[in-house]
1. Calculate the dipole size of chain B relative to its Cα centre from +1 charges on Lys and Arg beta carbons and -1 charges on Asp and Glu beta carbons; express the result in debye to the nearest 20.
2. Using the Cα centre as the reference, give the magnitude of the dipole from point charges on the C-beta atoms of the protein assembly as shown (Lys, Arg: +1; Asp, Glu: -1; all else neutral), rounded to the nearest 20 debye.
3. Where in chain B are the DSSP H helices whose alpha-carbon span along the long axis reaches 27 Å or more and whose Kyte-Doolittle mean is at least 0.5?
4. Name the residue from B:Ser50, B:Val38, B:Met62 whose Cα lies farthest towards the positive end of the charge dipole of region B:1-106, charges +1 on Cβ of Lys and Arg and -1 on Cβ of Asp and Glu.
5. How large is log10 of I(q)/I(0) for chain B at q = 0.16, 0.17 Å⁻¹ when the intensity is taken from the Debye formula with one equal scatterer per alpha-carbon?
6. Sum -39500 (n - 2.57) across every DSSP H segment of at least 4 residues in chain B, then divide by the residue count to get the 222 nm mean residue ellipticity, nearest 500.
7. As a footprinting exposure proxy, order A:Tyr90, B:Tyr41 by other Cβ within 10 Å, with the fewest listed first.
8. Semi-axes, largest first, in whole Å: what does sqrt of 5 times each Cα gyration tensor eigenvalue give for region A:4-98?
Amino acid sequence: MKNNETAIEEIFRAAREAPPVVPPNNFADQVMSLTMSSSAEDGIAIDFPLLKIAWAASFVIAAFLASEVIMYASGFPSLGRGAEELTSAYFSELESVVTP
Amino acid sequence: MESSSCICCISVSLKAQEDATCVRSILAGRSELFSELVKRYQDRVFAILSRYERDRGRVENMAQDVFVKVWRNLRKFDPRKAPFENWLSRMTTNVALNHLRAEKRFRNQLPVSQLGEGALEWLQQEDDSSSLQAMEAREILDHCMADLTPDEHLILTMSEIEGHTSPEISQITGKAAGTIRVALHRAKKKISDNLIRLQGSL
């Protein structure tokens with residue numbers, strides 16, 4: 001087996017000498033045609049962040065619904081039931097204050 | 001020696017000024033001048049991207065992606081912060097990193113069967129002084145780098161193949177110098193372990 005450090009040095013030395021890909025003659029023209037069309041497509045590019053936000057929002061909703069179902073099935077108080085209890089406690093408290 | 005480095009600084013500064021003027025003209029409406037910028041830097045962009053991808057068609061697509069991104073973000077370029085060349089290098093590196101991230105999803109470990117005869121022969125030789133061809137080196141490197149994270153892959157390539165120093169890598173990638181040093185150390189360790197494993201498996 002080769003000496004590991006020497007072998008790694010040789011691999012990097014040889015890799016440094018690998019010839020790069022040469023751009024085709026009409027590369028600048030290709031880019032220019034793309035940039036000209038991309039100016040018109042700027043509006044479409046804006047849709048990508050919105051799409052990501054929409055995916056994130058639907059993931060949060062799905063996670064919430066799944067946790068509700070799991071909590072309900074295991075007999076724990078779900079977030080919905082907890083909120084219901086809290087609001088009913090709040091209103092009964094409020095009622096006692098308003099009507100002495 | 002001092003005067004030659006001075007001349008070099010002046011020429012770099014003149015080039016940076018020329019680029020900044022060109023960008024201003026493009027933004028002022030002379031969009032056809034963008035073609036000049038592409039021609040001036042296409043070799044450099046292809047050279048950087050070729051370090052991360054061997055397939056010619058993919059390198060070409062990535063280079064197009066770089067210049068389209070440059071075109072879309074040209075208004076964000078500030079010549080007072082960095083010369084155009086550095087800004088472009090940073091954008092090219094980002095495209096390379098995105099490419100590595102996308103590739104990472106498909107490969108974690110390459111099979112030994114993907115190595116060519118020349119690479120296998122070199123690995124099996126006991127002689128430490130035997131030299132390796134560039135393409136065979138790339139094959140072995142691709143194999144040994146398969147389990148590196150995209151960031152480690154990028155930093156190791158920038159350091160060992162492109163020849164950048166840690167502060168330069170930090171400047172281009174926007175990562176802290178300490179993070180670069182840690183990633184570099186970890187990447188070298190993985191490469192070393194993978195090479196031992198590869199040689200042992202032959």
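What follows is calculated from the coordinates using simple rules that are stated; it is not laboratory data. As the structure is a computational prediction, the values presented were derived from the model and not from experiment. Heads up, the Cβs are rebuilt from the backbone with ideal geometry, glycines too, and the neighbour counts pull from every protein chain shown.
1. 1260 debye
2. Rounded to the nearest 20 debye, it is 640 debye.
3. B:2-27
4. B:Met62
5. Reported log10 I(q)/I(0), two decimals: -1.11, -1.19.
6. Value at 222 nm, helices only: -23000 deg cm²/dmol.
7. If I rank by nearby Cβ atoms, fewest first, I get A:Tyr90, B:Tyr41.
8. 61, 28, 12
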